[in-house]
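Novice: Questions regarding the structure given below will be posed in turn.
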Amino acid sequence: MPENVLRLSHLSKRFKGVKAVENLTLEVQVGECFGFLGPNGAGKTTTISMILGLLRPTGGRVEVFGRPVTPEDTTPLREVGALVGAPGFYPYLSGRANLRLLARLYPTVNEARIAAVLGQVGLEAAADRKAKTYSTGMKQRLGLAAALLHRPRLLILDEPTSGLDPVGMAEMRTLLRELTADGVTVFLSSHLLHEVEQVCDRVAVLHRGQLLAQGPVANLLHGHQDLEAFFMAAIAAPSQQ
Amino acid sequence: MTALQTIVALTRTECRKLTSRALLWAEVGIFALIVAGLHLALMAALASSRQQSLPPEALEALKASLRWPQGFLGGLAFAGGSGLGGLFAVVLAAALTGQEYTWRTVHLWLSRGVGRGAYLLGKAAVLAAALVVLAVTAFAAGAAATGIYTLQGSGSLPWHALPWGKALTGIGAAALGLAPYAALTVLVAILARSTLTAVGVGLGYNLLVENMAAKVLLLASPQTARFARYLPAMAGESLLKGIAPGTEVSIGVSGASGAAPLLSPGTAALLLAAYTLAGLALAWWAFQRQDITA
């Protein structure tokens, strides 16, 4: 039986009475690339923020590597790399210096590893420039480098291709394939359905905070031309009810 | 990594973050210039002909207060919570805490398994060190200015007569006097997730609320004047004057305690520590319950 890396059980979140996520249950298995889809405002970032202990769920439970994650105890996240929204950095430090700060949390991360991840995301030439001079795409690459720094077993990416040019998007796709081939589990939230279709094994579709569908990409595509057609049909169905 | 190792790593990280910023060194430079500049301005005024109208004894006492050893600790008066030190401490605490929200770097740490308590503890430890740096700056700038004045007057410096022990305890007392303001600012920065709001509330409390409350309490009646002693600024002044008496003859900008009896240094220190811990405990409580939105 495959091991669950991430399990969400009846997860809910309300903001001042407004339901952002409602009764969400899903499991991500070791080594898979899991696509998390939904239109704007579906609750994807809210869900990811709860997984990362940034938001307190109104109800339900988050487990990472079989251990509960709460805002009070985020210990299991030490083996998780995350890129959520626009990544934050210290603007007065260089990209490399920002990674050095984070590296202090991980005794195994040394200068060679920092150089390696900067190379992996194509940022080695700009590594010693101050982060405030970076373009949106470069910040996104630095965010990915920070997520990969400590060789996480689970990588959680929220719109990782945001701000990347077509070359950067293709590089990201290759990188995700390499990571999953190395055994890293990827939880990928994206609007780019074509990207998700190409790299993910299973997907879940969230709409207005509720899970509409989940399963292997091949199964969900049955009867649909592509993932986009499936997605449009999935989110249209509850609207018609 | 154990919890202790994480806290040590976070403290080192906070230290690196602070020392890499221009803000700290700009504050230190400006603070030193102001303290030394005000000392030198007073010395120049004393040397001018207009001051010769003062009785000779008063003039000599004033000059002696600006010379070593008496004036050695004079700079510490500026480090008080109600003085310039308080303003610099508020700005530093607000930037150190509030900008983590603006830059979204708080997400960066918390989403990688760093406990919120450990994160705040690392920040508080480095902020405490920064307050000591501010106190040392005020002391050193004042000591340098009064040293020059002494050298000009007598041609030598009385190194043997300098109260180094009092200087050390005075620096600690001044830093403790700044701590409640820093803690209040950290609390506001967390609640508002904003550097500007934290600076505004911190300075507003320091310059308006506390000053006004002190004046009202002092003027209302002798009974209410006794309550004024328990305000952070007055407690800080009690502590500083109690353990480093050289600071009371300086040209500090505080000095609001004229009409109120001072607290004992022990009571004042406990009170300041209690205010600081209360502020940090509230900040910790709010931070633990806070939703960090994307």
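Novice: For the stretch B:196-247, take the alpha-carbon Rg, divide it by the Kirkwood Rh, and send me Rg/Rh.
Specialist: Numbers: Rg = 12.9 Å, Rh = 12.0 Å.
Result for the stretch B:196-247 is an Rg/Rh of 1.07.
Novice: Past 26 Å, Cα to Cα: identify those pairs from A:16/A:44; A:44/A:139; A:13/B:17; A:132/B:123; A:16/B:123; B:17/B:241, in the order given.
Specialist: Violating the 26 Å Cα-Cα cut-off are A:13/B:17; A:16/B:123; B:17/B:241.
Novice: Starting from a Cα-only point model with no solvent, please compute log10 I(q)/I(0) by Debye for chain A at q = 0.14, 0.16 1/Å.
Specialist: -0.92, -1.19
Novice: In peptide A:82-91, how many Cβ atoms from other protein chains are near each Cβ within 10 Å, on average?
Specialist: So the per-residue partner count for this stretch is 5.
Novice: Still on this structure, please answer the following. Taking only Cα atoms and a 10 Å spring cutoff, compute GNM fluctuations for chain A and point out the largest among A:130, A:139, A:44.
Specialist: A:130
Novice: Can you work out D for the stretch A:94-134 in µm² s⁻¹ from Stokes-Einstein, where Rh is the Kirkwood radius over C-alpha pairs, the temperature is 4 °C and the viscosity is 1.567 mPa s?
Specialist: The estimated diffusion coefficient comes to 126 µm²/s.
Novice: Set the Förster radius R0 to 25 Å, insert the Cβ-Cβ distance between residue A:14 and residue A:236 as r into 1/(1 + (r/R0)^6), and round the FRET efficiency to 0.05.
Specialist: Rounded to the nearest 0.05, the efficiency is 0.50.
Novice: Now a separate question. Go through the stretch B:59-69 residue by residue and turn each phi into a ³J(HN,Hα) via Karplus (6.51, -1.76, 1.60, θ = phi - 60°); whole Hz please, and just put x for glycine and proline.
Specialist: 5, 5, 5, 5, 5, 5, 5, 9, 10, 5, x
Novice: Using the Cα atoms of the stretch B:1-75 to build a convex hull, what is its mean projected area in square nanometres?
Specialist: Mean projected area for the stretch B:1-75: 7.6 nm², to one decimal.
Novice: Quick one: what are the phi-derived ³J(HN,Hα) couplings along the stretch A:40-53, Karplus 6.51/-1.76/1.60 with θ = phi - 60°, whole Hz, x for glycine and proline?
Specialist: In residue order, the calculated couplings are 4, x, 6, x, 5, 5, 4, 4, 4, 5, 6, 4, 8, x Hz.
Novice: From the Cα trace of the stretch B:113-157, what convex hull volume per residue do you get, rounded to a whole Å³?
Specialist: Residue-normalised Cα hull volume stands at 48 Å³.
Novice: Taking the Cβ of residue A:208 as the center, what net charge do the other residues with Cβ under 14 Å away carry, scoring Lys and Arg +1 and Asp and Glu -1? If you can, show how the numbers build up before the last one.
Specialist: Working: positive: A:13, A:14, A:19, A:44; negative: A:22.
Residues close to residue A:208 contribute a combined charge of +3.
Novice: Quick one: which residues, 5+ away or cross-chain, put their amide H under 5 Å from the amide H of residue A:207? H built at 1.01 Å from N.
Specialist: Placed amide hydrogens put A:212 under 5 Å from residue A:207.
Novice: Using square roots of five times the C-alpha gyration tensor eigenvalues, list the equivalent-ellipsoid semi-axes of the protein assembly as shown in whole Å, biggest first.
Specialist: Square roots of five times the eigenvalues give 58, 24, 18 Å.
Novice: Still on this model: Order these by the 10 Å Cβ neighbour count, fewest first: A:32, A:72, B:100. Numbers along the way, then the final one.
Specialist: Values: A:32 17, A:72 12, B:100 24.
Exposure proxy ranking, most exposed first: A:72, A:32, B:100.
Novice: Taking beta carbons within 10 Å but only from partner chains, what does the mean come to for residues A:92-102?
Specialist: Taking all residues of A:92-102 together, the mean is 3.
Novice: Could I ask something else about it? Show me, bin by bin at 5 Å from 0, the whole-percent P(r) of chain B based on Cα pairs.
Specialist: 1, 6, 12, 15, 16, 15, 13, 9, 6, 4, 2, 1, 1, 0
Novice: Residue A:155's amide H: which non-local residues (gap 5+, or another chain) put their own amide H closer than 5 Å, with H modeled 1.01 Å from N in plane and none for Pro or chain starts?
Specialist: Result for residue A:155 returns A:81, A:185, A:186, A:187.
Novice: For residue A:21, enumerate residues with amide H under 5 Å from its amide H, sequence gap 5+ or separate chain, H modeled in the peptide plane.
Specialist: Placed amide hydrogens put A:13 under 5 Å from residue A:21.
Novice: From the phi angles alone, apply the Karplus equation (6.51, -1.76, 1.60; θ = phi - 60°) to the stretch B:145-157 and give each ³J(HN,Hα) in whole Hz, x where the residue is Gly or Pro.
Specialist: Each residue of the stretch B:145-157 in turn: 5, 5, x, 4, 4, 5, 4, 5, x, 10, x, 8, 10 Hz.
Novice: List the equivalent ellipsoid semi-axes of the stretch A:1-98 in whole Å, largest first, each obtained as the square root of 5λ for an eigenvalue λ of the Cα gyration tensor.
Specialist: Ellipsoid semi-axes (Å, largest first): 23, 19, 14.
Novice: Can I ask one more? Fewest Cβ neighbours within 10 Å first, please rank B:205, B:230 accordingly.
Specialist: With the fewest neighbours first, B:205, B:230 line up as B:230, B:205.
Novice: Let me ask another. Nearest 10 degrees, 0 to 90: what angle lies between the long axis of helix A:166-181 and the longest principal axis of chain A (Cα atoms)?
Specialist: 80 degrees
Novice: Normalised by the residues of the stretch A:101-149, what does the relative contact order come to in percent, with Cα pairs under 8 Å and at least six apart?
Specialist: Relative contact order here is 47 percent.
Novice: Further question: Measure nothing fancy, just the Cα-based angle from helix B:3-19's long axis to the longest principal axis of chain B, in degrees from 0 to 90, nearest 10.
Specialist: The angle comes out at about 50 degrees.
Novice: Another question, then. Just add up the charged neighbours of residue A:43: K/R +1, D/E -1, any other residue whose Cβ is under 9 Å from the Cβ of residue A:43. List each step's numbers first, then the result.
Specialist: Numbers: positive: A:13, A:19, A:44, A:208; negative: A:22.
Residues close to residue A:43 contribute a combined charge of +3.
Novice: Specify the inter-centroid distance of the stretch A:171-218 and the stretch B:126-140, based on alpha-carbon positions, in whole Å.
Specialist: 51 Å
Novice: Treating the Cα atoms of the stretch A:31-167 as identical point scatterers in vacuum, please give the log10 of the normalised Debye intensity I(q)/I(0) at q = 0.13, 0.19 Å⁻¹, two decimals.
Specialist: After summing over all Cα pairs, the log10 values are -0.59, -1.18.
Novice: Next question. How many percent of the alpha carbon pairs in the stretch A:134-234 exceed a separation of 23 Å?
Specialist: Roughly 30 percent, once rounded to a whole number.
Novice: Now a separate question. Quick check on the exposure proxy: order A:232, A:172, A:138, B:212 from fewest to most C-beta atoms within 10 angstrom.
Specialist: By the 10 Å Cβ count, ascending, the order reads B:212, A:232, A:138, A:172.
Novice: Continuing with the same structure: Please compute the contact order of chain B in relative form: average sequence separation of alpha-carbon pairs under 8 Å and at least six residues apart, divided by the residue count, as a percent.
Specialist: So the answer I get is 27 percent.
Novice: Sticking with this structure for a sec: Give me Rg/Rg_expected for the stretch A:8-56, where Rg uses Cα atoms only and Rg_expected = 2.2 N^0.38 Å with N residues.
Specialist: Normalised by 2.2 N^0.38 Å, the Cα Rg of the stretch A:8-56 equals 1.17.
Novice: Within the set of other residues whose C-beta is less than 13 Å from the C-beta of residue A:100, count the net charge using Lys and Arg as +1 and Asp and Glu as -1.
Specialist: +4
Novice: While we're here: Under the √(5λ) rule applied to the eigenvalues of the Cα gyration tensor, what semi-axes describe the equivalent ellipsoid of the stretch A:45-96? Give them in Å, descending. Walk me through the numbers before you get to the answer.
Specialist: Details: eigenvalues 121, 34, 16 Å².
The answer is 25, 13, 9 Å, longest axis first.
Novice: At 37 °C and 0.692 mPa s, grab the translational diffusion coefficient of the stretch B:36-118 from Stokes-Einstein with a Kirkwood Rh over Cα pairs, rounded to a whole number in µm² per second. Could you put the intermediate results ahead of the total?
Specialist: On the way: Rh = 16.8 Å.
Reported coefficient: 196 µm²/s.
Every number in this text was worked out from the coordinates using simple rules, so none of it is lab data. Remember, predicted model here, so these are calculated numbers, not experimental data. Cβ: placed from backbone, ideal geometry, glycine included. Neighbour counts: every protein chain shown.
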